[in-house]
Amino acid sequence: MDEIKKALHKFKEAYKKIKHIKFLQKQVKTYSKLVNEIKDAYIIETDIEVKRKLLISEYHLIESAQINNNKVGEHLEKLKSYIHQY
């Protein structure tokens, strides 16, 4: 019975980690879409100040996407080692 509880706990923990990874991946996808929209708006926009703000926003979105991508990689490695541990 103890083994079943341990296995169930392991499964729940792995499931939580997978859900978090999927959440981060979805965020990266959203950031990518927003960056594309910003690029389109940048082409259309004529005001220099607005263009500057668009570039700053684009930079921050790209930076956030890279951070989340790195987190996904770290979480996948942890998940892999967690699963192989048992």
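The values are calculated or read from the model by the stated rules, or taken from the named source; none is laboratory data. Predicted model, so just to flag it, every value in this text is computed and none were measured. For neighbour counting, all protein chains shown are included, and Cβ atoms are generated from backbone atoms with ideal geometry for every residue, glycine included.
Values as computed for the structure displayed
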{"quantity": "Options Q66, Q85: the member that is within 30 Å of K10 (Cα to Cα), modelled with pLDDT of 95 or more, of a type in the set (S, T, N, Q) and surrounded by fewer than 14 Cβ atoms within 10 Å (Cβ to Cβ)", "calculated": "Q66"}
{"quantity": "Pair list, Cβ under 7 Å, 6 or more apart: the stretch 5-34 residue over 20 Å from Q85 (Cβ atoms), other residue surrounded by 11 or more Cβ atoms within 10 Å (Cβ to Cβ) and of a type in the set (A, V, I, L, M, F, W, C)", "calculated": "L24/V72; Q25/V72; V28/A65; Y31/L61; Y31/A65; S32/A65; L34/L61"}
